[in-house]
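Visitor: Right, I'll just put the structure down here and ask away after.
The values are calculated or read from the model by the stated rules, or taken from the named source; none is laboratory data. No experiment lies behind these values; they were computed from the predicted model shown. Methodologically, a virtual Cβ is constructed for each residue, glycine included, from the backbone with ideal geometry; neighbour enumeration extends over all protein chains shown.
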Amino acid sequence: MLINYFFTSKNNKLILPIAVFVAGSRAYPVIAKVYYILPVLLLYFIVTGAKEIKLNKQLKRTVVLLLLFSCWSLITALWSSFPVITISRSLYFALISIGSLVGSYTYFKVKDNFDLNVFLPLNILIVALSLASLILNYPNEVWTGGNGKGFMGFAGHQNTLGALILFTIPASVWGIAREFCGDAESRNKINIKLILYFVLFALNLVILILTYSRASIASLFLALAVWFVFVYKWKAAACYLVIAILTAGILIVNPLIKNEVEKIALKKFPTLLSSREFLIKSSLIAAKHGGLFGLGYGISDPNIILTGTGSHYAILGNSATYKGNNAGTQNEQAMYIREKGSSVLALIEEVGYVGLILFLLPITYVVIHLWFLVKSKLKITKNIVQSNSTLTINLLQLIISFLFAFIIHAQLEAWLVGVGSATLPLFFVYMGVGLTAIALLFPIVYPPKVI
């Protein structure tokens, strides 16, 4: 009986926020070993959520689509130069994607309402650690580590910190929206929660800008821009036009502000895309070599060697890695791991066009169903979610906007093929939030025959 008590999906209400926190720990070298708890938690989600997978059509279909990609990536081991790596990464992808998805689904199914508070503890921790690092100017490489062109705090890299903020800031964005759209009586009072969410969002924004992580900064503003168009339609477009004109005017009139903007945008490179150009060019060549079936999941084209990047050789069977243009005397035991830049190109290189299509199928399935829900102007009864239909639609619009931004971000930071990244599990948690809405609301909006 005690086993039955622990192995129930109801416990996911407590365990999923822990799993999100554990996934985020990957970004911080000091506590990175905490990440090794994640596979156990993900396996727990799958075991406790097995019944839900059988009962719900939308969840089952998404899991099947993820398994299709995982099976294809396993098949690529047949021609992979390092089949053991391909097999292990394929199995781990299945665990991460399905575990995070099912954990998220079961978490929100037992909650009283939809929100993004599951990301709030990790976001607060990120802000707290960053503020501590800024105030104490510790560790020593707080500004000089990583790429040496921005604030990284206790994280391993500026772009890693920027990505974590991008993936967790929706919690404060939604907190502001939810409090702002409360009942008329509460809006006439001083709303402490609203103030705190605003402060948290502002701190996130300042830290994000200090990282100089252009991909994360651009992706955040893109997500918010898309969301505002969803909510305010033509008014948002008119507002963007005014902001663009004012910004251009300020940059022309004030050279100091112009210099600061250029400092963030160019990061001392000649052009905006200089730092990514050689990565993309290399990935384009590698993608051509990958072709229809790919070189093997998790495998980098051994004929394309990059210097001055995060690319390195990994000695198989050993946690040690070393950077260089060749594997030296370890050539037969070492595998070259190249920084790839674009997730789409990386997928084509590793699993081919076949794998790319299979990878996009579950994402497309969830996004299209969310889109139909948003367009339906659904009416939601109180026994499903304790909020009005407009607020729920706004949340679904926010999820669509950030999923879109995450995918764009992944074309500049190839984390969609990084099974060990901090952001991949978080991406599938967001997918799970959307899938829960689909599973609960789609049968109400559309007759069962249409599903």
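Visitor: If the requirement is being more than 14 Å from the chain's Cα centre (by Cα), closer than 24 Å to ILE96 by Cβ and at pLDDT below 70, which of these qualifies: LEU316, LEU360?
Guide: After applying the criteria, what remains is LEU316.
Visitor: List pairs: first residue in region 358-369 and closer than 15 Å to ILE348 by Cβ, second residue at pLDDT 95 or above anywhere in the structure, Cβ distance under 6 angstrom, at least six positions apart or on different chains.
Guide: Correct list of pairs: LEU358/LEU68; LEU358/PHE69; LEU358/TRP72; PHE359/PHE69; PHE359/LEU347.
Visitor: Is it the case that some residue within region 139-146 is in contact (Cβ under 8 Å) with a residue 24 or more places away in the chain, part of a loop (DSSP other than H, G, I, E, B) and in contact with a Ser or Thr (Cβ under 9 Å, 6 or more places away or on another chain)?
Guide: Scanning region 139-146 turns up no residue that is in contact (Cβ under 8 Å) with a residue 24 or more places away in the chain, part of a loop (DSSP other than H, G, I, E, B) and in contact with a Ser or Thr (Cβ under 9 Å, 6 or more places away or on another chain).
Visitor: Only one of (1) surrounded by fewer than 18 Cβ atoms within 10 Å (Cβ to Cβ); (2) closer than 30 Å to VAL30 by Cβ fails for LEU129. Which number is that?
Guide: (1)
Visitor: Let me ask something else about it. In region 88-114, which residues are basic (Lys, Arg) and surrounded by fewer than 22 Cβ atoms within 10 Å (Cβ to Cβ)?
Guide: Residues satisfying the conditions are LYS109, LYS111.
Visitor: Limited to region 75-87, what total is found for residues that are surrounded by 15 or more Cβ atoms within 10 Å (Cβ to Cβ), in contact (Cβ under 8 Å) with a residue 60 or more places away in the chain and out of contact with any Gly (no Cβ under 6 Å at 6 or more places or on another chain)?
Guide: Looking only at that region, the number is 3.
Visitor: If you check ILE304, ILE280, which single one turns out to be touching a strand residue (DSSP E or B) at 6+ places or on another chain (Cβ under 9 Å) and either within 22 Å of SER343 (Cβ to Cβ) or at pLDDT 65 or above (or both)?
Guide: ILE304
Visitor: Also, I was wondering about something else. Identify the residue in region 207-249 that is among the β-branched types (Val, Ile, Thr) and surrounded by 12 or more Cβ atoms within 10 Å (Cβ to Cβ) and, among all such residues, is modelled with the highest pLDDT.
Guide: Taking the candidates together, the pick is ILE207.
Visitor: To continue, here is another question. Considering (1) modelled with pLDDT under 85; (2) touching a Pro at 6+ places or on another chain (Cβ under 7 Å), say which one PHE402 fails and leave the rest.
Guide: (1) is the only condition that PHE402 fails.
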